[in-house]
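The structure appears right after this line, and notes come after that.
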Amino acid sequence: MTRRAVLAGSGALAIGGGLAAVLGAGGRTPVGASTTAGRRVLKTGTTSAPLVGEASQIPVWGYNGSVPGPALRLGQGEAFEVLLENALEEKTTIHWHGVRVPNAMDGVPHLTQPPVEPGERFRYAFTPEDAGTFWYHPHQRSFEQVGRGLYGPLIIEEADPPQVDRDLVWMLDDWRLNDQGQISGGFGSRHDAMMAGRIGNTITINGKPAAPLIARPNERIRLRLVNAANARIFGLDFGELDPMVVALDGQPVEPHRLSAPLLLGPAMRADLIVDFDYPAGTRHSLRDVFYDGLEYELTTFECQGKEVRERRLSDPAPLPPNPLAEPELATAERHRIIFGGGMMGMMGRTASGSDARNEQRTGSGMMMGRMGGSGMMSGGMMGWTVNGVSASGHVHDPIISAVRGTTLLLDMTNETAWWHPIHLHGHSFRVLSRNGQPTRYQEWQDTVLMAPEERVEIAFVADNPGDWMFHCHILEHQAAGMMATIRVN
Ligand code: C2O
Ligand code: CU
């Protein structure tokens, strides 16, 4: 049974030694070129997945015929190479979310590479500097390609990983299924784009309905959570289980217990150490409590069988730090960033934040009703903005152009009535403050979730040269303009 809740092991592509030699920088290879044995291939295409149960096979898009795609595991500092083969009927790319790759490997169509045409291939090669929990997904029409199932986990292992009995990856997702039980169309609809994004009605863990996680007493599990949903925010309440958070967005954080539900916006990750110091026969519920009135039990944790050890292991030590340059705040270059737009923005933010939060949470047409069905959606004049600009395509004039090595301090304000997970490519940043209050852990993230009206300061050393995307990871918001470019010279 646990197998259903577990990605590591079955279906996972084990990566270890025996890597194919790195064949220089990546790039396109002609169709028909033979693939070297042992070289990893990720092939996009149509397939099916048991989204609502073992007996269901629902048409989806996947890598190598599965959702999620193969779990890629490799060692920190180990050369990595993947050949993307595109068997979709549309262009695609792969973005290695959160990995500090060279710009040409970042997978942003037109900005860092030409999109990969149907039937074409593209070779990605890089050596990850950071250990941690990352993921991969297309950056071409991602609101539909990711929404139909193109994503997979990328796990970079520490040289000396913490002692655990099992290391599991859970890719959380939601799907919008219609009455026939098929994925409904309407990807990128204006309604979704201007509100909460495409929220689904069917939740999966690793492409299947959640099954209980069954552990033995005093077992220690490292649980790597990845939110692969287009738009859904998870607020995970572990109740008594009280796990230890050891990493956020792949980057080590001072180990700590949760004092509130764990908020995971789209694209965000958390590494937890869960100790099952409970007797056999006990059961704990994991609830998702983010959306008011729509709280539900995501899954359960159950203790069964003979104890693994006499008593639980002592609290985990911090993970070894990654080689990230420390921001120099004294000399930082400060930039104001304003996120704007969306339904409530258009209305001059007349409603309170909590009204809009409720709207975002329910995804209902409540606001529309309140505005008297004014036809706002049909005007074609709305978008999301970064510093007043609603961007289209992937190539933009940079909003910031930094000399390599400069510390950038972004003082960001969400002037909308909606939540936004804001993602920067090519770097991880420290989250310094929220609404003027220093954060407790000064955590490193690559995606920071901003509440309506919230002000967040982040800082990082702009040390990775290139043009980098900076966008909301609610994929419909991104497509509707909430994106920009930061240039590092
Ligand atoms: Cu996970 Cu720009 O993306
Ligand atoms: Cu957004």
Between D292 and V403, the two model label points (7 Å from Cα along the beta-carbon direction) sit apart by a distance in nm of 4.9 nm
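Could you calculate the FRET efficiency of I338 with E54 from 1/(1 + (r/R0)^6), where r is the beta carbon distance between them and R0 is 56 Å, rounded to 0.05? Show your work: numbers first, answer last.
On the way: r = 48 Å, r/R0 = 0.86.
It comes out at approximately 0.70.
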Per the rule of 0.36 nm per residue minus the C-alpha distance, extending V308 to S189 adds in nm 37.8 nm
Each label sits 7 Å from Cα toward the beta-carbon; between E117 and D160 the label points are separated, in nm, by 5.2 nm
Straight-line reach check, K91, cutoff 21 Å on alpha carbons, 8 or more apart in-chain or any other chain, hits among lysines -> K43
Simple spin-label estimate for T282/E254, 7 Å along Cα→Cβ, in nm, reads 2.8 nm
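Taking 0.36 nm per residue of sequence separation and subtracting the Cα-Cα distance, how much length would be gained by fully extending the chain between T300 and N489, in nm to one decimal? Could you put the intermediate results ahead of the total?
Numbers: separation 189, 0.36 × 189 = 68.04 nm, distance 4.88 nm.
Gain in length upon complete extension: 63.2 nm.
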Once D277, D160 are ranked on solvent-accessible area with the largest value leading and a 1.4 Å probe, the list reads D160, D277
Excluding residues fewer than 8 positions from K306 in its own chain, the lysines with Cα under 29 Å of it are K208
Plugging the Cβ-Cβ distance of S390 and R455 into 1/(1 + (r/R0)^6) at R0 = 30 Å yields, to the nearest 0.05, a FRET efficiency of 0.90
Counting only residues 5 or more apart in sequence or on a different chain, those whose built amide H sits under 5 Å from that of W418 are E453
Ignoring ligands and nucleic acids, T416 exposes an accessible area, probe 1.4 Å, in Å² to the nearest 10, of 0 Å²
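How would E117, E158 line up by accessible area, probe 1.4 Å, largest first? Walk me through the numbers on the way to the answer.
Values: E117 75, E158 15 Å².
Reading off the accessible areas and sorting them downward yields E117, E158.
So what is the relative contact order of the stretch 167-303, in percent, for Cα pairs below 8 Å that sit 6 or more residues apart? Intermediate results must be reported in sequence, preceding the final value.
Values: 311 pairs, mean separation 36.6, N = 137.
With pairs under 8 Å counted, the relative contact order is 27 percent.
So which trypsin sites (Lys or Arg not before Pro) in the stretch 433-464 pass both tests, a DSSP loop state and at most 15 other Cβ atoms within 10 Å of the Cβ? Provide the component values of the computation, followed by the final result.
On the way: sites: R434, R440, R455; in loops: R440.
Sites meeting the loop and neighbour criteria: R440.
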The answer for the net charge of residues other than V99 whose Cβ lies under 13 angstrom from its Cβ, with Lys and Arg +1 and Asp and Glu -1, is -4
Yeah, the stretch 167-303 with a ≥ b ≥ c from its alpha-carbon gyration tensor (a/c under 1.5 is rounded, else prolate when a/b outruns b/c, oblate otherwise) is prolate
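The values are calculated or read from the model by the stated rules, or taken from the named source; none is laboratory data. These numbers were taken from a predicted model, which means no experiment stands behind them. So basically every Cβ, Gly included, is an ideal-geometry build from the backbone, and we count neighbours across all protein chains shown. Each accessible area value is taken on the protein alone, full model and side chains, heavy atoms only, with ligands, DNA and RNA left out. Shrake-Rupley method; radii C 1.70, N 1.55, O 1.52, S 1.80 Å.
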